[in-house]
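Chemist: Here it is, the structure in full.
The values are calculated or read from the model by the stated rules, or taken from the named source; none is laboratory data. Computed from a predicted structure; not experimentally measured. Cβ placement follows ideal geometry from the backbone for every residue including glycine, while neighbour counts extend to all protein chains displayed. Accessible surface is based on the protein model in full, side chains and every heavy atom, while ligands, DNA and RNA are left aside. Shrake-Rupley method; radii C 1.70, N 1.55, O 1.52, S 1.80 Å.
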Amino acid sequence: MSAIFTAIKDFLPDWPEWALDVLLIMTALLIATIIVATIFTPEDEEVSSDDNKDNKEGAHHLHDDFLAFRNKYILVYLVIMLADWMQGTHMYTLYLSYNVNISALFLTGFLSGAFFAPFLGSAVDKFGRKNSCIVYCVLEIIINTLEHSTNFGILLLGRVLGGISTNLLFSAFESWMTTEHRKRGFPEEWLSRTYSAASIGNGTMAILAGVVSQVLEDQFGHIGPFQGAIALTVLALVLVLPWEENYGETKHDDDDDKNKDGDHALSDQFFEGWKVTLSNSSIWKIGLIQASSEGAMYTFVFMWVPTLLSMNPPGGLPTGCVFSAMMMAITIGGMVFPILQSIFSTVVLGSKESASEACASFIYFAAAASMAVPAYFLSGSASGEHFYLIIASFMMVECCVGLFMPVAGTLRSKYVPDALQGAILNIFRLPLNAVVVSGTYATDVLEPSVVFKAVSLCFFGAGALQLTMMGSTASSKKKKAD
């Protein structure tokens, strides 16, 4: 294996030896995971040999319809995430070249997202998820056009619109997909397959974005990636237009037509979202788990570059190389998730009933353990001696991110009622924003070891809270059906 790595390194950039080793190891692990995932067939997608011919044909037809539906959604998801990654990786350098107040711009985007989050979700449910996806695409085209200006006021407007579009990105598309999945009569178990494919695609698009953005920047300057994002968003808009529309449905069947006609008041949708969230323990627990886990993830994102730089790695820190390795770890996590969940449902628990909850707890605890590594070793004076252990822990937590993205989506679709998907998903972003702000502040005022302890505790808390939901499945389904 070492001889193969040595031969491959001759064709790679002149990066430090340790960075090339990390990149090649993650590449080898990704290839191995692809092979295993290709061979592995989840139990809930298999057609039993005991089924009669008609049942087999019906099952195959339903599965083919599901694959067509999933591919249609995933194609749009990949395009918008590629555009989003291309902006995110180059926004700082673009603003730096404009010589503007970067902190003020980023803070404005966060405040905009926090302010509009409670209201946007209700609007998504009332005016339609497809329409909201279209609005997102239009906003992104406008935002990336505004990025061409060096005027601070125009850039500030772009950040305000960016806060709105971010809320739509993480609510409208998922709400449309889960509701449409159920409208078409696909099994609930197959939702996790879509979330897994989205997680795999997200990591892949992040890797691709780094390459494409660099090519566009070399060709067109700092604004190049944003011009590419405009083209991709236009493509996403075209792909969304043929989608069928769906809305937040009322809780009772006799109100369905009324709500679909748009007569249900927006204020009712808003207050109902808050009422259901606060009164249903399963829902607010899911929101707190999301806030803790994703808040910890974003805090880690702020920490990994300065942490590695502070350790004076031999030959320097090629951030692009390490970033690509981390995105491979996310992709691996997304591929492993169906296998892991199947193991929990068939081997560990012997039942599918609480498999997602148990799987999620395991993932969060694994993430907590991985972040305990830098928390422990960075507190000592000779942290540089444990550089490779810390790098390995960073790869592990990114793999956990790839795992908990699909399991979190699966649990949201399980507990959050279709009636209020948009409203409640945006309500979840309020505690998430609070954790992210706290984490960002902590990175500026606390020692790295202390911050990593806090990150580890957030993941541990998410896992512990998830364990309390192991017996919530039956009651949550009843509430959802009522």
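Chemist: Hey, among the residues in segment 398-423 that are more than 14 Å from the chain's Cα centre (by Cα) and not small (Gly, Ala, Ser), which one's surrounded by the fewest Cβ atoms within 10 Å (Cβ to Cβ)?
Modeler: At the first step, the residues of segment 398-423 found to be more than 14 Å from the chain's Cα centre (by Cα) are 413-423.
Those still in the list that are not small (Gly, Ala, Ser) too: 414-418, 420-421.
Values: LYS414: 21, TYR415: 23, VAL416: 29, PRO417: 21, ASP418: 19, LEU420: 28, GLN421: 29.
Looking at the filtered set, the residue picked out is ASP418.
Chemist: Select from segment 433-464 the residues that are in contact with a helix residue (DSSP H, G or I) (Cβ under 8 Å, 6 or more places away or on another chain) and of a type in the set (Ser, Thr, Tyr) and write down the one among them that is surrounded by the most Cβ atoms within 10 Å (Cβ to Cβ).
Modeler: Here the answer is SER456.
Chemist: Got a number for residues in segment 339-375 being under 15 Å from CYS399 (Cα atoms) and open to solvent by 50 Å² or more (accessible area, probe 1.4 Å)?
Modeler: Going through segment 339-375 one residue at a time, the tally reaches 3.
Chemist: Go through (1) at pLDDT 90 or above; (2) open to solvent by 30 Å² or more (accessible area, probe 1.4 Å) one by one and return the number of the condition SER49 breaks.
Modeler: (1)
Chemist: Given the structure, is PRO338 touching a Lys or Arg at 6+ places or on another chain (Cβ under 9 Å) and assigned to a helix (DSSP H, G or I)?
Modeler: yes
Chemist: Which one is modelled with the lowest pLDDT among residues in segment 96-113 that are closer than 25 Å to LEU430 by Cβ and of a type in the set (Ser, Thr, Tyr)?
Modeler: SER103
Chemist: Considering each residue of segment 149-159, count those that are in contact (Cβ under 8 Å) with a residue 12 or more places away in the chain and exposed (fewer than 14 other Cβ atoms within 10 Å of the Cβ), and give that number.
Modeler: The number of residues fulfilling the criteria is 1.
Chemist: Can you work out which of the residues in segment 376-397 that are in contact (Cβ under 8 Å) with a residue 60 or more places away in the chain and outside any helix (DSSP H, G or I) is least open to solvent (accessible area, probe 1.4 Å)?
Modeler: The qualifying residue least open to solvent (accessible area, probe 1.4 Å) is LEU378.
Chemist: If I ask for residues that are out of contact with any Lys or Arg (no Cβ under 8 Å at 6 or more places or on another chain) and modelled with pLDDT under 85, which ones from segment 382-420 would you list?
Modeler: ALA382, SER383, GLY384, GLU385, LEU420
Chemist: Looking only at residues in segment 74-94 that are buried (at least 16 other Cβ atoms within 10 Å of the Cβ) and in contact with a His (Cβ under 9 Å, 6 or more places away or on another chain), which one is nearest to LEU239 (Cα to Cα)?
Modeler: HIS90
Chemist: Hey, another quick one. Being at pLDDT 90 or above and open to solvent by 30 Å² or more (accessible area, probe 1.4 Å) narrows it down to one of LEU278, LEU288, so name that one.
Modeler: Residue meeting the stated conditions: LEU288.
Chemist: Given GLY287, GLY320, which one is in contact (Cβ under 8 Å) with a residue 40 or more places away in the chain and more than 23 Å from ALA28 (Cα to Cα)?
Modeler: Numbers: GLY320 fails: more than 23 Å from ALA28 (Cα to Cα).
Within the list GLY287, GLY320, the selection yields GLY287.
Chemist: Could I ask something else about it? What are the residue pairs meeting all of these: first residue in segment 107-129, first residue crowded, with 18+ Cβ neighbours inside 10 Å, second residue basic (Lys, Arg), Cβ atoms under 8 Å, and 6 or more apart or on different chains?
Modeler: Within 8 Å, the pairs are THR108/ARG159; GLY109/ARG159; SER112/ARG159; GLY113/ARG429; ALA114/ARG429; ALA117/ARG429.
Chemist: Still on this model: Being under 25 Å from LEU420 (Cα atoms), surrounded by fewer than 22 Cβ atoms within 10 Å (Cβ to Cβ) and free of Cβ contacts under 8 Å to residues at least 12 places away in the same chain, is that true of even one residue in segment 193-216?
Modeler: no
Chemist: Another question, then. When you scan segment 250-270, do you find a residue that is surrounded by fewer than 15 Cβ atoms within 10 Å (Cβ to Cβ) and at pLDDT 85 or above, even just one?
Modeler: For segment 250-270, residues surrounded by fewer than 15 Cβ atoms within 10 Å (Cβ to Cβ) and at pLDDT 85 or above: absent.
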